Amino acid sequence: MTPIYEVLKNNNTTIKPIWIMRQAGRYLPEFREIRAKNPDFIKLCLNENLSAEITLQPLKRFDLDAAIIFSDILMLPYGLNQKVEFKKGIGPILGDLNLDNILKLDEIDFVKKLTPVYKLVNLIKDNNLTKNKNTIGFVGAPWTLLVYMINKKSPKLGLKSDFFKDEKLINKTLKIIEKFLKVHIKNQVDSGAQIIQIFDSWAGLLSEKDFTNYIYEPTINIVEYTKSLNVPVICFPKGIKKFKDFCEIVKPSAICIDYEVDPKEILKDIQIPVQGGMDPKVLLTDQENLKKEVKKYLNIFKDHPYIFNLGHGILPETNPKMMDYLVKMVKDH
């Protein structure tokens, strides 16, 4: 059994495996080289050979316990024929949401559009570098995908004022998202993904009165479906405060915490395995500071099933030497 499986099954709390969100990405010079030649991000995600190469880049450098596929949560709206493009300095821009067209979409057409993603998972699973490690697939949570599909851009500056106006549109879109998320997860699992992580990047936008409709209920359906495939599921509801409620209602296999969360409070409240927490900015400081922070998390969770990770994706300006130091420190602990 792999170290991550040990933790996810609550079997062994002395093992502290490590993988890092966005570990295959912009902080690596070898990634930047590929990216410079492939300016269209969606096309790059749909090139299974290059995506596989990018996914494996961090495993060539560091003794990580998992490969997380190089893809994007917005591959789902792309598969639903909503236009998706990434603009430098702006982020994702989505086209108009045409529900009539989406409702006519056949599952076969959706899978066909995203077949390179599933081929990528297969290439990773069969690679020597992933021997005794886990291959992690992922999706966006229903709420976060709804935000992008209706808002049509990142809500960094908040949601558009009439976002909640059309309830019919919201409910229909959520149903479509749920249906095709299940298709997307099933195809990743069938291709070799052994764990699924659900990213709810914009959970923090909602007030608690809206959690049931937009976070709990739609996410429960996805979590239960993934578990029905005998695959553990990690949830990352970034920005929420009541993790205890989330874990008791949604029941993921593990909860990923962000860097604004007090890990000691989490330890008091949470029975299930925990992942993440450390602020990615710590990697921009020095080794002494990094050592202090890493030890803090490892000591807090020393008797609790814990996967070391950051509280968000690794930052592009991170020095790979700091990442190397981090991985070795966790492994030597």
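The values are calculated or read from the model by the stated rules, or taken from the named source; none is laboratory data. Please read these numbers as outputs of a predicted model, since none were measured by experiment. Counting neighbours? That spans all protein chains shown, and the Cβs are built from the backbone with ideal geometry, glycine included.
Do you know which residues across the range 274-300 are surrounded by 18 or more Cβ atoms within 10 Å (Cβ to Cβ) and out of contact with any strand residue (DSSP E or B) (no Cβ under 6 Å at 6 or more places or on another chain)?
VAL282, LEU283, LEU290, VAL294
Select, from GLU248, GLU260, GLU208, the only residue that is surrounded by fewer than 18 Cβ atoms within 10 Å (Cβ to Cβ), of a type in the set (D, E, K, R) and without any contact (Cβ under 8 Å) to a residue 12 or more places away in the chain.
GLU248
Yes/no per residue for (1) in contact with a Pro (Cβ under 7 Å, 6 or more places away or on another chain); (2) within 28 Å of PHE308 (Cβ to Cβ); (3) surrounded by fewer than 19 Cβ atoms within 10 Å (Cβ to Cβ); (4) free of Cβ contacts under 8 Å to residues at least 60 places away in the same chain:
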{"position": "ILE42", "(1), (2), (3), (4)": "no, no, yes, yes"}
{"position": "SER51", "(1), (2), (3), (4)": "no, yes, no, no"}
{"position": "ASP65", "(1), (2), (3), (4)": "yes, yes, no, no"}
{"position": "SER71", "(1), (2), (3), (4)": "no, yes, no, no"}
{"position": "TYR78", "(1), (2), (3), (4)": "no, no, no, yes"}
{"position": "GLN82", "(1), (2), (3), (4)": "no, no, no, no"}
{"position": "GLY89", "(1), (2), (3), (4)": "no, no, yes, yes"}
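Listed here are the residues, each with its yes/no results for (1) within 21 Å of the chain's Cα centre (by Cα); (2) hydroxyl-bearing (Ser, Thr, Tyr); (3) within 27 Å of GLN275 (Cβ to Cβ).
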| residue | (1), (2), (3) |
| --- | --- |
| LYS43 | yes, no, no |
| SER51 | yes, yes, yes |
| ILE54 | yes, no, yes |
| LEU59 | yes, no, yes |
| PRO77 | yes, no, yes |
| LYS83 | no, no, no |
| ASN101 | no, no, no |
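Of everything in the range 115-148 that's among the aliphatic types (A, V, I, L, M) and either more than 18 Å from the chain's Cα centre (by Cα) or at pLDDT below 95 (or both), which residue is nearest to GLN197 (Cα to Cα)?
Selected residue: LEU123.
Looking at GLU178, GLU167, can you tell me which residue is surrounded by fewer than 20 Cβ atoms within 10 Å (Cβ to Cβ), over 21 Å from the mean Cα position of the chain (by Cα) and farther than 20 Å from PRO116 by Cα?
Result of the check over GLU178, GLU167: GLU167.
In this structure, is LYS296 in a helix (DSSP H, G or I), under 19 Å from the mean Cα position of the chain (by Cα) and at pLDDT 95 or above?
Answer is no for this residue.
Out of LYS131, LYS112, report the one residue that is without any contact (Cβ under 8 Å) to a residue 60 or more places away in the chain, surrounded by fewer than 18 Cβ atoms within 10 Å (Cβ to Cβ), out of contact with any His (no Cβ under 8 Å at 6 or more places or on another chain) and under 30 Å from TYR5 (Cα atoms).
Only one candidate passes the filter, namely LYS131.
Give me the pairs, please: first residue somewhere in the range 293-309 and touching a residue at least 60 places away in the same chain (Cβ under 8 Å) and within 16 Å of ALA66 (Cα to Cα), second residue anywhere and part of a loop (DSSP other than H, G, I, E, B) and among the polar types (S, T, N, Q), beta-carbon distance under 8 Å, and either six or more positions apart or on two chains.
These pairs meet every condition: TYR306/THR13.
So, ILE240, is that one in contact with a Gly (Cβ under 8 Å, 6 or more places away or on another chain), in a loop (DSSP other than H, G, I, E, B) and aliphatic (A, V, I, L, M) or not?
yes
Which condition number does GLY25 fail, the rest of (1) assigned to a loop (DSSP other than H, G, I, E, B); (2) in contact (Cβ under 8 Å) with a residue 60 or more places away in the chain; (3) more than 20 Å from TYR118 (Cα to Cα); (4) of a type outside the set (S, T, N, Q) being met?
Tallying (1) assigned to a loop (DSSP other than H, G, I, E, B); (2) in contact (Cβ under 8 Å) with a residue 60 or more places away in the chain; (3) more than 20 Å from TYR118 (Cα to Cα); (4) of a type outside the set (S, T, N, Q), GLY25 fails exactly one: (3).
Kindly indicate which of PRO17, PRO58 is in contact with a Leu (Cβ under 8 Å, 6 or more places away or on another chain), in contact (Cβ under 8 Å) with a residue 12 or more places away in the chain and buried (at least 19 other Cβ atoms within 10 Å of the Cβ).
PRO58
Please find, among ILE307, ILE234, ILE314, the residue that is under 19 Å from the mean Cα position of the chain (by Cα) and part of a loop (DSSP other than H, G, I, E, B).
After ruling out the rest, the residue left standing is ILE314.
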